[in-house]
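Coordinate-derived values only; no laboratory data. Please read all numbers here as calculations on a predicted model, not as lab measurements. For neighbour counting, all protein chains shown are included, and Cβ atoms are generated from backbone atoms with ideal geometry for every residue, glycine included.
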Amino acid sequence: MDCNTCDSSTAIVINQPTVVEVTLTITDKAKEMLSGAFGDDRSNALLVGVLSGGCSGYMYDLQIVEETEQDCQELVIDGFRVLVPNATSHLLDGIEIDYVDRLMGGGFKINNPNASSSCGCGESFA
Amino acid sequence: MGTIKLDHYVLILRGDNLLEFIDGISTNKVEGSCTTVFTNKNAKIIDMVEVIEKEDFVALVGHKLYKDSVISHISSRVLDANIQIFDITNSNNVFFTTNKSLTVDNATIHESIIGRIMITPKDSEILEDMAYDEFSDYRVKNFIPYQGHEIVQNIHPLACGLGELVHEAKGCYVGQEILVRMRSRGRQGKELVRLENPVEDATTVGKTHSLRIQRIQN
């Protein structure tokens, strides 16, 4: 295989979607559960990200972080710092973060108006 | 038999966690060099690709018919991951060969489900001594589906003989739910068969037998 051209050739341009100024909501139940997770320390932030993969192509990724190296926009919702990466802001604008109290399949859920479909477990969307 | 040039593209991926990335968007378990299938959310084929792991990059080799679809499928899922895609199709040729002793400088040899393929620099001189009809007959005899014939974009991998590339136990990937459901309920709808000639609606015609995708008879 001739890969001599790899370093000198131009990478295929991956069209980056336009960065959207995100608005999102957190339900009362989700706030209650986040309060338990954060404790009194509100310096940490909830990072709401999207990863490639899952049955439908994209997977939600929720993490509690101090900071992140990702280029993010920061929202403060009822005292909670929420970070949304600009690279995936177009996929996350308008979402509602909910918490479902069930023994099986329970936990944080994201209701996403941008999703045309989602997989059965609710973690993946397209 | 012999050697024939294939109408294939060669993409190079560089960056972090490349195999994991490909694993997450294709049907086979991708832990190294292998053959896998990109499917869309409806489990329809985008392309079957050869994954070739090299020291500092991963090459993807598939059929030119579907190159744009594959680039679109991959690039829309890069998001903010450190992954770059290069198209080196114009500086390489892809051959299928049954000649195990054939050696070419700077060739990459890969064992695919269709057999041995070689990716060589464009200026390498290789004697093509297999006609397309012979390649088709080889595929019919060995029950091997191929792009543009059995492997087309309106069909799912189980229906065109690519079931062995749909890993039964791996985690989620695009189209997985549908393929798992088809398997668990025994409802894949169609299957690839080899029949004695003459065969109506054959996808590949061989000398004595042909391949056809037909509805499963219950």
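The figures follow:
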item: Alpha-carbon Rg/Rh ratio, for chain B, with Rh computed the Kirkwood way; result: 0.97
item: Estimated FRET transfer efficiency (B:Ala131, B:Glu164; beta-carbon r; R0 22 Å; 0.05); result: 0.20
item: Part-to-part distance (alpha-carbon centres) for segment B:102-152 and segment A:55-113, which is given in Å; result: 46 Å
item: D (Stokes-Einstein, µm²/s), Kirkwood Cα radius, segment B:132-215, 1.306 mPa s at 10 °C; result: 117 µm²/s
item: Calculated FRET efficiency for the pair A:Glu69/B:Lys5, C-beta based, R₀ 35 Å, to 0.05; result: 0.15
item: Bins of 5 Å from zero: percent of alpha-carbon pairs in segment A:48-110; result: 4, 14, 25, 27, 18, 9, 3, 0
item: Residue-averaged 222 nm ellipticity for chain B, from DSSP H runs of 4+ at -39500 (n - 2.57), nearest 500; result: -5000 deg cm²/dmol
item: Reach of B:Lys29 by Cα under 26 Å, taken over lysines that are not fewer than 8 positions away in the same chain; result: B:Lys41, B:Lys44, B:Lys54, B:Lys64, B:Lys67, B:Lys170, B:Lys190
item: Label-point separation in nm, B:Ser124 to B:Ser184, each point 7 Å along Cα→Cβ; result: 4.5 nm
item: For segment B:61-173: rounded, prolate or oblate by the Cα gyration tensor [a/c cutoff 1.5]; result: oblate
item: Cα Rg, Dmax, chain A, angstrom units; result: 17.2, 58
item: Segment B:Ser75-B:Glu55, extension gain: residue separation times 0.36 nm, minus the distance between their alpha carbons; result: 5.0 nm
item: Dipole magnitude (debye, nearest 20) for chain B, charges at Cβ of Lys, Arg, Asp, Glu; result: 940 debye
item: Normalised alpha carbon radius of gyration of segment B:3-121 [divisor 2.2 N^0.38 Å]; result: 1.02
item: Computed label-point distance, nm, for sites A:Lys31 and A:Met104 using a 7 Å Cα→Cβ extension; result: 3.3 nm
item: Cα-Cα separations in the protein assembly as shown greater than 25 Å, expressed as whole percent; result: 59 percent
item: Hz values of 3J(HN,Hα) by residue in segment B:97-108 - Karplus curve (6.51, -1.76, 1.60), Gly and Pro given as x; result: 9, 9, 8, 5, 8, 5, 10, 9, 4, 6, 7, 9
item: Helix-only [θ]222 nm of chain A, DSSP H runs n ≥ 4, -39500 (n - 2.57) each, per residue, nearest 500; result: -4000 deg cm²/dmol
